[in-house]
Amino acid sequence: MVDPLALPPGLTTRPLSFDDIDDVVALANACELHDVGYTMWERADLVSDLHIEEVDPTVDTVGVAQDDRLIAWAFLPRERSAWADVLPEARGRGIGTWLRRWTEDRAKERGSDRVGQTINDRAADAVALFVEAGYAPGHTAWILSMEHAERPANPRIPQGIEIRAYRPGDDEEALGMFEEAFAEAPDRAPSSLSTWCAMTIEREGFVPDDLLLAVDGQEIVGGAFLIDSDEIWVDKFAVRRDHRDRGIARALMQVAFRRGFDRGYASTSLSTDSDRSALTFYEKIGMRVRESYTHYSIDLS
């Protein structure tokens with residue numbers, strides 16, 4: 001691993017724990033607010049990610065502190081994907097470079113041949129840091145939103161389809177449906193049942209209505225996991241391949257739009273990327289791109 005002594009004098013490093021979650025979320029949101037003008041992190045996001053089956057916070061996280069105050073952090077939730085932030089006032093001291101090298105070393109220890117980070121296209125300083133280090137741009141990601149100026153129309157549910165809330169016992173079949181759809185994206189590692197539960201039904205604040213399931217007879221053929229966070233955020237969304245082009249995806253999104261309006265939110269949002277070829281569908285149902293991101297990665301072999 002990279003040497004902590006390579007950091008500027010007066011800085012210390014240590015693994016992060018669940019006791020640090022609120023400080024980490026505050027740090028990450030301060031960085032987002034400075035860099036792009038809005039925040040997206042919630043405590044429940046990080047709690048869920050730290051409960052991913054493959055994650056060991058004692059080796060997959062690191063914090064950088066000055067006078068016992070957290071000023072930077074990095075996290076490798078998956079072998080090829082990392083996060084890192086440095087408070088704006090602490091930048092320009094080599095901390096970001098140290099964190100980048102830490103993520104590379106940790107990814108190698110976990111057996112990965114690549115590692116990368118997804119960066120907002122407006123965060124020019126971060127993009128430059130990675131490009132100068134030899135990282136190459138890969139897939140593009142977008143955040144799209146639907147504004148609710150008036151109450152959305154009633155959802156048009158396809159014949160033979162029921163859209164209902166999650167019920168105990170749906171776990172394995174719902175996971176199977178989502179995984180079958182998500183496996184179409186290249187290089188995506190499958191999720192275990194425990195990881196999927198940590199990210200959905202065991203997430204802080206979860207209620208059954210947060211996981212909408214489209215059911216044909218007794219089969220789960222589509223679903224949307226919704227997060228209530230000053231808007232409705234569609235965190236996971238899929239329709240089984242053999243049930244597409246029936247209007248199920250549109251109906252699920254219409255239910256999400258209606259929920260957002262009924263709860264007094266101005267918008268419903270989600271993210272997608274160029275690996276999934278779903279951008280055109282979301283634009284057809286009225287959503288508009290709000291932000292764009294690029295994934296930068298480097299070969300570690």
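The values are calculated or read from the model by the stated rules, or taken from the named source; none is laboratory data. Source: prediction; values computed, not measured. Heads up, the Cβs are rebuilt from the backbone with ideal geometry, glycines too, and the neighbour counts pull from every protein chain shown. The protein model used for the area step is the full one, side chains on, heavy atoms only, and it has no ligands, DNA or RNA in it. Shrake-Rupley method; radii C 1.70, N 1.55, O 1.52, S 1.80 Å.
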Return the pairs, sorted by first residue and then second, in which the second residue is surrounded by 11 or more Cβ atoms within 10 Å (Cβ to Cβ) and of a type in the set (A, V, I, L, M), the first residue lies in the range 157-178 and is farther than 18 Å from Gly217 by Cβ, the beta carbons are less than 8 Å apart, and the residues are 6+ apart or on different chains. Asp171/Leu193; Asp171/Ile201; Leu175/Leu193; Phe178/Ala238
Being surrounded by fewer than 19 Cβ atoms within 10 Å (Cβ to Cβ) and polar (S, T, N, Q): is that true of Ser191 here? no
Tally the residues that are surrounded by fewer than 16 Cβ atoms within 10 Å (Cβ to Cβ) and over 26 Å from Glu283 (Cα atoms), restricting the search to the range 174-186. 1
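Here's the yes/no breakdown for (1) of a type in the set (Asp, Glu); (2) in contact with a Gly (Cβ under 7 Å, 6 or more places away or on another chain):
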site: His139; (1), (2): no, no
site: Ser145; (1), (2): no, no
site: Ala153; (1), (2): no, no
site: Gly160; (1), (2): no, no
site: Ile163; (1), (2): no, no
site: Gly169; (1), (2): no, no
site: Glu173; (1), (2): yes, no
site: Met177; (1), (2): no, yes
Within the range 129-149, which residues are part of a strand (DSSP E or B), small (Gly, Ala, Ser) and open to solvent by less than 40 Å² (accessible area, probe 1.4 Å)? Ala141, Ser145
Could we say that Ala126 is surrounded by 17 or more Cβ atoms within 10 Å (Cβ to Cβ), part of a strand (DSSP E or B) and among the aliphatic types (A, V, I, L, M) here? no
Taking the stated definitions as given, is Ala165 open to solvent by less than 50 Å² (accessible area, probe 1.4 Å) and over 30 Å from Gly37 (Cα atoms)? yes
Is it fair to say Arg188 is modelled with pLDDT of 95 or more, in a loop (DSSP other than H, G, I, E, B) and out of contact with any Gly (no Cβ under 8 Å at 6 or more places or on another chain)? no
Residue ID - nearest to Ser271 (Cα to Cα), chosen from residues in the range 98-117 that are of a type in the set (S, T, N, Q) and modelled with pLDDT of 95 or more: Gln117
Tally of residues being in a helix (DSSP H, G or I), surrounded by 15 or more Cβ atoms within 10 Å (Cβ to Cβ) and either of a type in the set (Asp, Glu) or at pLDDT below 95 (or both) across the range 1-30: 2
